[in-house]
Amino acid sequence: MDVEAKSKNESKNTSRYEVLLEMKNISKNFGAVKALKRVDFNLYYNEVVGLVGDNGAGKSTLIKIITGALTPDEGEIYFEGKRINISSPEESRELGIGVMYQDLALVDSMDIVSNVFLGKPLTINIFGGMIKLLDRKKMQSECWRILQELDINFDSLRRKTKTLSGGQRKAVAIGRALYWKAKLVIMDEPTAALGVKETRKVLGLIKSLKEKGISVIFISHNLQEIFSTVDRIVVLRRGELGGIRKTSETNPDEIIKLMVG
Ligand SMILES: Nc1ncnc2c1ncn2[C@@H]1O[C@H](COP(=O)(O)OP(=O)(O)O)[C@@H](O)[C@H]1O
Ligand SMILES: [Mg+2]
């Protein structure tokens, strides 16, 4: 991981202690497709931001850049005041970033527990840390606890994720985003294709993360969900920043206008 001290000339009115994540001037092309064009994005400590935009606006690309799943062509990212360059999911977990990808990114040949702790398994140190053993028992109990909060039933945590239903697979991917040292949790369309009851659970979960002091980036197409859950709304429009509004100072009509231009 390439971590270097943040330059002193950051903007004067944003204290480095208030901003958890700062993205500056982020661009990403896929061949001829300009997925992101010089996008700036800030997230404060203990803040829930709703990231909205039409299909193809660049939402998933932006969050993949935060987690290191994609590398930007241009731009800088700061996390807790430090310039970062994340190149693997392990590194982003190490920093305290938990993510649920839109495509879930489960390893289908592995079981539920292994998927939830992918890239950051719990271990027991023995011989003063010289040897680390997988703490399978602790992972199992933590996994039950996390999945219970989502209220989606599983008969066994040893099941391979390829055998699960759509709702169960989604719960596993959300569970992975929620590991215990997270400072930032990112959820890319966690409620898409979920039932009313499960959706309510997910929205409640986002609120409880905020109560624990964790910041959340929540992507959804459902503006009712966005308005009932987030502090601030960031709109992407065809790869560009369409606008930023405090939820209390805007309304769905304005957000739709910002989305479609
Ligand atoms: N891996 C990829 N290869 C080529 N094009 C991509 C890839 N990922 C995304 N894109 C394109 O980039 C644009 C933004 O996509 P995406 O970030 O998934 O949008 P959103 O999540 O807002 O729907 C779209 O035009 C999409 O087709
Ligand atoms: Mg997407």
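The values are calculated or read from the model by the stated rules, or taken from the named source; none is laboratory data. Everything quoted here is computed from the prediction, not taken from an experiment. Cβ atoms come from the backbone with ideal geometry, glycine included; neighbour counts cover every protein chain shown.
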Looking only at residues in region 163-198 that are away from ligand 1 (no atom under 16 Å from the Cβ) and of a type in the set (Val, Ile, Thr), which one is surrounded by the fewest Cβ atoms within 10 Å (Cβ to Cβ)? Val196
Would you please name the residue that is nearest to Ile86 (Cα to Cα), looking only at residues in region 6-45 that are modelled with pLDDT of 95 or more and either part of a loop (DSSP other than H, G, I, E, B) or among the small types (Gly, Ala, Ser) (or both)? Ser27
If you go through Asn46, Asn55, Asn25, Asn42, the only one that is among the polar types (S, T, N, Q), more than 18 Å from Ser215 (Cα to Cα) and more than 9 Å from ligand 1 (Cβ to nearest atom) is Asn25
Select from region 208-234 the residues that are surrounded by 15 or more Cβ atoms within 10 Å (Cβ to Cβ) and of a type in the set (D, E, K, R) and list them in ascending order. Lys210, Glu225, Asp231, Arg232
Give region 199-250 a look and list any residue that's part of a strand (DSSP E or B), basic (Lys, Arg) and more than 16 Å from ligand 1 (Cβ to nearest atom), or say none. Arg232, Arg245, Lys246
Looking at region 28-49, can you tell me whether even one residue there is acidic (Asp, Glu) and either away from ligand 2 (no atom under 14 Å from the Cβ) or surrounded by fewer than 16 Cβ atoms within 10 Å (Cβ to Cβ) (or both)? yes
Starting from residues that are modelled with pLDDT under 95 and part of a loop (DSSP other than H, G, I, E, B), keep the ones in region 57-71 and report whichever is surrounded by the most Cβ atoms within 10 Å (Cβ to Cβ). Gly68
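Restricting attention to region 184-198, report how many residues are outside any helix (DSSP H, G or I) and within 15 Å of Ile152 (Cα to Cα). Outline the logic, then answer.
Of all residues in region 184-198, those outside any helix (DSSP H, G or I) come to 184-195.
After this cut, where a residue has to be within 15 Å of Ile152 (Cα to Cα) as well, the list is 190-191, 193-195.
Count: 5.
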Need pairs with beta-carbon distance below 6 Å; first residue under 20 Å from Ile152 (Cα atoms) and within region 201-226, second exposed (fewer than 15 other Cβ atoms within 10 Å of the Cβ); sequence gap 6+ or separate chains. Lys201/Asp151
Search region 54-74 for residues that are touching a residue at least 40 places away in the same chain (Cβ under 8 Å) and closer than 18 Å to Gly119 by Cα and pair each with any residue that is more than 6 Å from ligand 1 (Cβ to nearest atom) and among the hydroxyl-bearing types (Ser, Thr, Tyr) when their beta-carbon atoms are under 6 Å apart and the residues are at least 6 apart or on different chains. Thr67/Ser92
